[in-house]
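The values are calculated or read from the model by the stated rules, or taken from the named source; none is laboratory data. This structure is a prediction, so every number in the text was calculated from the model and none was measured. Here the Cβ positions follow ideal geometry from the backbone for every residue, glycine too, while neighbour counts run over all protein chains shown. Remember, those area values only see protein heavy atoms, side chains included, never the ligands or the DNA or RNA. Shrake-Rupley method; radii C 1.70, N 1.55, O 1.52, S 1.80 Å.
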Amino acid sequence: MISKNKVIITTSVVCLVFLFCVSLFIGNYEINFFNGIKLLFGRGDNNSLEYKIFWNLRVPRTIMAIIVGMLLGSSGAITQTLFKNPMADPYIIGISASGTFGAVIAFLLGFSETYFGIFGSIFSFITSILIFKLSNNKRGNLDLSTLLIIGIAISALLRAIISLTMYLVGEDSFRVVLWTMGYLGGGDWKKIIILLIPLTFSLIYFYINRYNLDVILLSDEEAHSLGINIKKFKYKVLMISTFMVGFSVAFTGMIGFVGLIIPHLIRIIFGSSNIKLVPLSMFYGGFFLLFCDTISRGVSTTMEIPIGIVTAIFGAPFFIYLAFKNRRGV
């Protein structure tokens, strides 16, 4: 007998394929359905405008939405596990803002877009370490309330600096504005190849350490009794998580709440074991972001809603729900 979880996952895969195809036909330039099918299978005039829009804009954008969603979803699961808090989304605690800040610094220094991810990762990692250190109480244990306050404060500070940068840059600030709201329209094959690096690396690392990820949930004493240097392992996991967030926000800007909503829903449906949580958060993160991107392009034929606004519409009520749930101790 097929289990309920397998039915859910199989249905989700079919829906993702369907959504992928639908998203290729949404945009200001109308592409006939049958022509689109031909283009998808490599048939058609390579020099036509339709072919170029399909293969140089829409296909890369759709793939990029899935990859970035996968990175944000899985990094959210890792961050929540690491901080032992379901509200510890990289966006809320300032890691995403620091990644965007790093990309803005690279932009101001005149570096190419290849370096945006590197700068974003470096600044995300520095911020994560800072939050991690400052959130420890006198006994060396993580204080969750302090973590959220510090994270939100750092996020607000970095957003203020980014806004100041936009003001000083002047006419060229449009690119920075897009980062602050999230934008997937700049997707191309080069960025996809770059983003595949952190995705592949994290996939391999999390698979190799899939059983050790649950050890993070134990106390330090219990972890040591299992022969694991938990402090060193936490830093490695934190570094990889920020590496993933840094690269994703550096190319697409601040896209919030993917890492908050998806891991929490996965825990409700599939359980809290990281063996399932991380890969499923990766898969459904890609699904969710593609869904939001399709909405952002499909609600109007004349304009596109920034992807960060769409994810915030779903995420903000969910965050409030989590806050009330935690307060009631449910």
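Only one of (1) of a type in the set (D, E, K, R); (2) open to solvent by 10 Å² or more (accessible area, probe 1.4 Å); (3) within 30 Å of residue 58 (Cβ to Cβ) fails for residue 325. Which number is that?
(3)
Which residue pairs have Cβ atoms under 8 Å apart, sit 6 or more places apart or on different chains, and have a first residue in the stretch 77-103 that is in contact (Cβ under 8 Å) with a residue 24 or more places away in the chain and a second that is in a loop (DSSP other than H, G, I, E, B) and of a type in the set (D, E, K, R)?
Hits for this filter: 79/89; 80/89.
Here is a check on your reading of the model: is residue 68 over 30 Å from residue 277 (Cα atoms) and open to solvent by less than 30 Å² (accessible area, probe 1.4 Å)? Lay out the reasoning, then the answer.
Details: over 30 Å from residue 277 (Cα atoms): no; open to solvent by less than 30 Å² (accessible area, probe 1.4 Å): yes.
No.
Quick check on residue 249: is it over 26 Å from residue 5 (Cβ atoms), open to solvent by less than 70 Å² (accessible area, probe 1.4 Å), touching a Cys at 6+ places or on another chain (Cβ under 7 Å) and not aromatic (Phe, Trp, Tyr)? Reasoning before the result, please.
Values: over 26 Å from residue 5 (Cβ atoms): yes; open to solvent by less than 70 Å² (accessible area, probe 1.4 Å): yes; touching a Cys at 6+ places or on another chain (Cβ under 7 Å): no; not aromatic (Phe, Trp, Tyr): yes.
It is false that residue 249 is over 26 Å from residue 5 (Cβ atoms), open to solvent by less than 70 Å² (accessible area, probe 1.4 Å), touching a Cys at 6+ places or on another chain (Cβ under 7 Å) and not aromatic (Phe, Trp, Tyr).
Select, from 111, 123, the only residue that is in contact with a Phe, Trp or Tyr (Cβ under 6 Å, 6 or more places away or on another chain) and at pLDDT 80 or above.
Values: 111 fails: in contact with a Phe, Trp or Tyr (Cβ under 6 Å, 6 or more places away or on another chain).
Answer to the selection: 123.
Here is a list: 285, 298. Which entry is open to solvent by less than 20 Å² (accessible area, probe 1.4 Å) and under 29 Å from residue 177 (Cβ atoms)?
The conditions single out 285.
Any residue in the stretch 248-266 that is within 19 Å of residue 116 (Cβ to Cβ) sitting within a Cβ distance under 7 Å of a residue that is surrounded by fewer than 24 Cβ atoms within 10 Å (Cβ to Cβ) and hydroxyl-bearing (Ser, Thr, Tyr)? List the pairs, counting only those 6 or more apart or interchain.
Close Cβ pairs (under 7 Å, with a partner that is surrounded by fewer than 24 Cβ atoms within 10 Å (Cβ to Cβ) and hydroxyl-bearing (Ser, Thr, Tyr)) amount to 252/183; 253/180; 253/183; 254/180.
Failed condition for residue 314, given (1) open to solvent by less than 30 Å² (accessible area, probe 1.4 Å); (2) at pLDDT 80 or above, with all others met?
For residue 314, the failing item is (1).
Residue 276 fails exactly one of the following numbered conditions: (1) in contact (Cβ under 8 Å) with a residue 12 or more places away in the chain; (2) open to solvent by 10 Å² or more (accessible area, probe 1.4 Å). What is the number of that condition?
Going through the list (1) in contact (Cβ under 8 Å) with a residue 12 or more places away in the chain; (2) open to solvent by 10 Å² or more (accessible area, probe 1.4 Å), residue 276 breaks only (1).
Given the structure, is residue 240 within 14 Å of the chain's Cα centre (by Cα), closer than 19 Å to residue 83 by Cβ and surrounded by fewer than 24 Cβ atoms within 10 Å (Cβ to Cβ)? Before the answer, list the steps.
Working: within 14 Å of the chain's Cα centre (by Cα): yes; closer than 19 Å to residue 83 by Cβ: yes; surrounded by fewer than 24 Cβ atoms within 10 Å (Cβ to Cβ): yes.
In short, yes.
Would you confirm whether or not the stretch 193-200 contains a residue that is over 16 Å from residue 96 (Cα atoms), in contact with a helix residue (DSSP H, G or I) (Cβ under 9 Å, 6 or more places away or on another chain), modelled with pLDDT under 85 and surrounded by fewer than 21 Cβ atoms within 10 Å (Cβ to Cβ)?
From the stretch 193-200, those over 16 Å from residue 96 (Cα atoms) are 193-194, 196-197, 199-200; that's our starting set.
Next, from what is left, pick out any that are in contact with a helix residue (DSSP H, G or I) (Cβ under 9 Å, 6 or more places away or on another chain): 194, 196-197, 199.
Still in the list and also modelled with pLDDT under 85: none.
No.
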